[in-house]
Amino acid sequence: DTAVSQTPKYLVTQMGNDKSIKCEQNLGHDTMYWYKQDSKKFLKIMFSYNNKELIINETVPNRFSPKSPDKAHLNLHINSLELGDSAVYFCASSQDLAVGRETQYFGPGTRLLVL
Amino acid sequence: GIQVEQSPPDLILQEGANSTLRCNFSDSVNNLQWFHQNPWGQLINLFYIPSGTKQNGRLSATTVATERYSLLYISSSQTTDSGVYFCAVDPGSGATNKLIFGTGTLLAVQP
C-alpha cells in the first residue's frame with residue numbers, strides 16, 4: 001500500500017564506496033524527484049524526472065547520477081562517497097508538472113552515513 | 001532566487017493550545033505546500049495551497065498570494081503534532097515544479 005517507497009532505509013558505508021538508493025511509486029505519477037536533507041534539517045532538491053526525462057539537475061556533484069528505468073522508478077547512484085554526503089535522501093513524486101497536479105508526495109527517506 | 005522564511009523557528013505548546021505558523025516568500029509562486037516532518041523523519045503532506053483557504057480536521061491553512069505569505073493554524077494541539085513544519089514553494093519560473101523549502105518551525109507539544 002506504500003505510495004512512495006525507498007530502499008534501503010538506512011545505509012552505512014565507508015568513504016570512497018559506490019552505493020545506490022532505489023525509489024518506487026505506485027501512484028501512477030509521471031514525475032519523480034530526489035531531495036537531500038542535511039544535518040540542520042534543510043531540504044534541497046537535487047533532481048527531477050518527468051516521463052523518464054531529466055527536468056531538474058541542481059548544482060549537484062557529478063558523482064551523483066539519477067536513473068529512471070521507467071516512470072515508476074527513480075534510482076540514485078552515488079560514486080566515491082564522501083563524508084559530506086551523509087544526509088537523509090528523500091524521493092518524491094507528483095502526478096505531473098501541470099498546475100493543480102503538482103502536489104508532491106514524499107517517501108520515508110534513506111539515512112546515509114559515510115564513515 | 002526566491003527566499004522562504006518561516007516563523008517562529010521554535011514553538012513550545014501545552015496540549016490543547018492553538019498556534020499559528022507563518023511562511024513568507026519573496027516572489028510569486030505557482031505551488032505552495034505545507035509538510036509535517038514527524039519525529040521519525042517522515043515528511044507528511046498537509047496542504048497544497050497556492051492560494052485560498054483549506055481545512056483538514058484541526059489543521060487549516062490560508063495563503064494570500066498577492067501579499068506573499070501563508071499561515072498554518074493548528075487548533076487543540078496534541079502531542080502527536082510535534083515535529084517540524086515546513087513550507088515549500090515553487091517559484092514557477094518554468095515547468096519544473098521545483099520546491100524550495102523554508103527552514104521550518106520546530107513544534108513541541110507537551111502533555
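Hey, which lysines would be in cross-link range of A:Lys71, C-alpha to C-alpha under 28 Å, not counting anything within fewer than 8 residues on its own chain?
Leaving aside lysines fewer than 8 places away in the same chain, those within reach of A:Lys71 are A:Lys9, A:Lys19, A:Lys22, A:Lys36, A:Lys44, A:Lys52, B:Lys98.
For region B:4-110, what % of the accessible area comes from carbon and sulfur atoms, probe 1.4 Å? Don't skip to the answer; put the middle values down first.
Numbers: 2320 of 4680 Å².
That share works out to 50 percent.
Taking +1 at the Cβ of each Lys and Arg and -1 at the Cβ of each Asp and Glu, which of B:Thr79, B:Asn38, B:Ile49 sits farthest along the dipole of chain B towards its positive end, judged by Cα position relative to the Cα centre?
Towards the positive end, the residue furthest out is B:Ile49.
Relative contact order, percent, of chain A when contacts are C-alpha pairs under 8 Å separated by at least 6 residues?
36 percent
Any aspartates and glutamates with Cα under 17 Å of the A:Lys41 Cα? List them, leaving off those in the same chain fewer than 8 positions away.
Of all the aspartates and glutamates, those that pass the test against A:Lys41 - Cα under 17 Å, at least 8 places apart if same chain - are A:Asp85, B:Glu5, B:Asp10.
How large is the charge dipole for the protein assembly as shown, taken about the Cα centre, if only the Cβ atoms of Lys, Arg (+1) and Asp, Glu (-1) carry charge, to the nearest 20 debye? Walk me through the numbers on the way to the answer.
On the way: 18 positive and 19 negative charges, 42 e Å.
It works out to roughly 200 debye.
Could you state the accessible area per residue of chain B in Å², with a 1.4 Å probe and every protein chain left in place?
So chain B comes to 46 Å² accessible per residue, rounded to a whole number.
The values are calculated or read from the model by the stated rules, or taken from the named source; none is laboratory data. None of the values given here were measured: they were computed from a predicted structure. Don't worry about glycine lacking a Cβ; one is built from the backbone with ideal geometry, like all the others, and counts go over all protein chains shown. The accessibility values were calculated without ligands, DNA or RNA, using every heavy atom of the protein model including side chains. Shrake-Rupley method; radii C 1.70, N 1.55, O 1.52, S 1.80 Å.
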